[in-house]
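Novice: Sharing a structure below in structure tokens format, with a few things to ask.
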Amino acid sequence: MATLGLDVTRLTASEHQRQLRRAVIASTIGTAIEWYDFFLYSTVTGLVFAKLFFPHSDPWVGTLEAFAIYAVGFVARPIGAAIFGHYGDRIGRKSTLIATLLLMGLATAAVAVVPTYASIGIWGAAILTVLRFIQGVGVGGEWGGSVLMSMEWARDDHSRGLIASWPQFGVPCGLFLANLAVLAFSQMAGDQFLAWGWRIPFALSIILVGVGLYIRLGILETPVFSKLVAERQVDRTPMLTVIREYPKEILLSAFARMSEQAPFYIFTAFVFSYGIGTLHVSRDFLLTAVLSASVLSFVSIPLCGHISDRIGRKNMYMLGAAATGIFGFIYFAMLNTGSLAIIFLAIVLSLIPHDMQYGPQAALIAESFTGRLRYSGSSLGYQLASVIAGGPAPLIATWLYGTFHSATAIAAYIAACAVITLAATALMTDYTGKDINGADAHASRA
């Protein structure tokens, strides 16, 4: 812990490299823990919550109600972005990241003890909604800080895509851990999974939070923020300032995420209700398939981030958006064959078009904002997409299938999201390989 007293402006090349490595590891592990918490809720929603908290509803209506609570977490994410973005630009990336980890972990652990409808009626769903909101606030402040904690330690302007992609790597890690935990306790609990098995993965969050805190307490503040403090350039009201000075960048960042975020939650959350209710495949089969998809993302996310350093952030991102728009139709055609092997392959491949966007996305968004407003601007742009893309996606997919009785309608929705993303990304400025911290770095934004 002695390193906490170092002057980051006077680090040697080897010391800087060591701190970069620590920052990347701390950001990635912490983000993985946060996303474990968030995805755990996503996974269990399609498997458990409709049955336990809305038992008297028609199965389709109960699923809609469960996904409505699920969506609350996404509505809360921009609120978390506003709160923690402000403090991230005011008091630093490190302190803010510690606060988001605590908030998220405690809310997740509390889900483990929420009484069901059989015990306290509709109040169980009400408590679940409050905890989901708190989860959303926590994860809303996490992303911006974890990305900046890594990216702002980069020694040059030609590796930001790869370095910023490592916190994104925490997403498949969290998805893997969440599905692994549910799968393990599904097999362990068997017929008792609905009685108590689903609660244990939530309770385990406490242990993971302890690990995350230990790691994050041992890192330094980023050189970029340290320089802002030393030069007294810290903005007094960063969230208000960034809304006033960067409205275009915030909105474009949100719309650019449409074809990345909405399909992701269809592929990793809605697939459980669709797979069990329509395809009639087992819970454990779906968990294993999503688990395998997340393992593939361990490679594809940092790889796509690295490629974006070579061919440009926008080029890589738009290739991914186009691939997503096409793949939606292929995905549901493969699922509807009824073949277990083809269904498994469809789920495993589903995250590759997503990763083509998610790898370069952190740098693409964060580079769009100046250092003194970067936490606020990138967090707000990123998390606003939760309201228009991620949160409603499983709900919209469930409604579309219930209304049209065809998965083609869902594929068309994914394609529409891709069109929006392509248009928004085309209007963004590509800062690949350019200085983003100089005085005139963002003076002539496109």
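The values are calculated or read from the model by the stated rules, or taken from the named source; none is laboratory data. Small disclaimer: the values here were computed from a predicted structure and weren't measured. Please note: Cβ atoms are built from the backbone with ideal geometry, for glycine as well, and neighbour counts cover all protein chains shown. Heavy atoms of the whole protein, side chains included, go into the accessibility calculation; ligands, DNA and RNA do not. Shrake-Rupley method; radii C 1.70, N 1.55, O 1.52, S 1.80 Å.
Conditions tested, residue by residue: (1) closer than 18 Å to Phe369 by Cα; (2) modelled with pLDDT under 90; (3) of a type in the set (A, V, I, L, M, F, W, C).
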residue: Gly105; (1), (2), (3): no, yes, no
residue: Ala110; (1), (2), (3): no, no, yes
residue: Val113; (1), (2), (3): no, no, yes
residue: Thr129; (1), (2), (3): no, yes, no
residue: Arg132; (1), (2), (3): no, yes, no
residue: Gln135; (1), (2), (3): no, yes, no
residue: Val147; (1), (2), (3): yes, no, yes
residue: Gly161; (1), (2), (3): yes, no, no
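Novice: Could you check how many residues of region 399-417 are polar (S, T, N, Q), free of Cβ contacts under 8 Å to residues at least 12 places away in the same chain and either surrounded by 18 or more Cβ atoms within 10 Å (Cβ to Cβ) or in a helix (DSSP H, G or I) (or both)? Show your work before the answer.
Specialist: Kept after step one, since they are polar (S, T, N, Q), are these residues of region 399-417: 403, 406, 408.
So of that shortlist, the ones also free of Cβ contacts under 8 Å to residues at least 12 places away in the same chain come out as 403, 406.
Those still in the list that are either surrounded by 18 or more Cβ atoms within 10 Å (Cβ to Cβ) or in a helix (DSSP H, G or I) (or both) too: 403.
Counting residues in region 399-417 that are polar (S, T, N, Q), free of Cβ contacts under 8 Å to residues at least 12 places away in the same chain and either surrounded by 18 or more Cβ atoms within 10 Å (Cβ to Cβ) or in a helix (DSSP H, G or I) (or both) gives 1.
Novice: With a cut-off of at least 1 residues that are under 15 Å from the mean Cα position of the chain (by Cα) and of a type in the set (A, V, I, L, M), name the helices (runs of 4 or more DSSP H) lying wholly within region 334-389.
Specialist: Values: elements: 340-349, 351-366, 374-385.
Helices (runs of 4 or more DSSP H) meeting the threshold: 351-366, 374-385.
Novice: Among Phe74, Phe38, which is the only one that is touching a residue at least 12 places away in the same chain (Cβ under 8 Å) and under 24 Å from Phe193 (Cα atoms)?
Specialist: On the way: Phe74 fails: under 24 Å from Phe193 (Cα atoms).
Only one candidate qualifies: Phe38.
Novice: Restricting attention to region 27-46, which residues are open to solvent by 10 Å² or more (accessible area, probe 1.4 Å) and in contact with a Phe, Trp or Tyr (Cβ under 7 Å, 6 or more places away or on another chain)?
Specialist: Within region 27-46, Thr28, Gly46 qualify.
Novice: Restricting to helices (runs of 4 or more DSSP H) lying wholly in region 243-312: which have 3 or more residues that are surrounded by fewer than 24 Cβ atoms within 10 Å (Cβ to Cβ) and at pLDDT below 95?
Specialist: Working: elements: 247-256, 258-265, 271-274, 283-311.
Ranges flagged: 283-311.
Novice: Just checking, how many residues over region 111-131 are of a type outside the set (A, V, I, L, M, F, W, C), under 18 Å from Phe202 (Cβ atoms) and open to solvent by less than 60 Å² (accessible area, probe 1.4 Å)? Lay out the reasoning, then the answer.
Specialist: Taking region 111-131 and keeping what is of a type outside the set (A, V, I, L, M, F, W, C), we get 115-117, 119, 121, 124, 129.
Remaining after also requiring under 18 Å from Phe202 (Cβ atoms): 115-117, 119, 124, 129.
Restricting the remaining residues to those that are open to solvent by less than 60 Å² (accessible area, probe 1.4 Å) gives 115-116, 124, 129.
Total meeting the criteria: 4.
Novice: Only one of these is closer than 28 Å to Ser57 by Cβ, open to solvent by 40 Å² or more (accessible area, probe 1.4 Å) and free of Cβ contacts under 8 Å to residues at least 60 places away in the same chain: Ile200, Ile134. Name it. Spell out the reasoning first.
Specialist: Values: Ile200 fails: free of Cβ contacts under 8 Å to residues at least 60 places away in the same chain.
Exactly one of Ile200, Ile134 is closer than 28 Å to Ser57 by Cβ, open to solvent by 40 Å² or more (accessible area, probe 1.4 Å) and free of Cβ contacts under 8 Å to residues at least 60 places away in the same chain, namely Ile134.
Novice: I've got another one for you. Listed residues Phe67, Phe39, Phe49; which is among the aromatic types (Phe, Trp, Tyr) and under 18 Å from Leu204 (Cα atoms)?
Specialist: Values: Phe67 fails: under 18 Å from Leu204 (Cα atoms); Phe49 fails: under 18 Å from Leu204 (Cα atoms).
Just a single option satisfies the conditions, and that option is Phe39.
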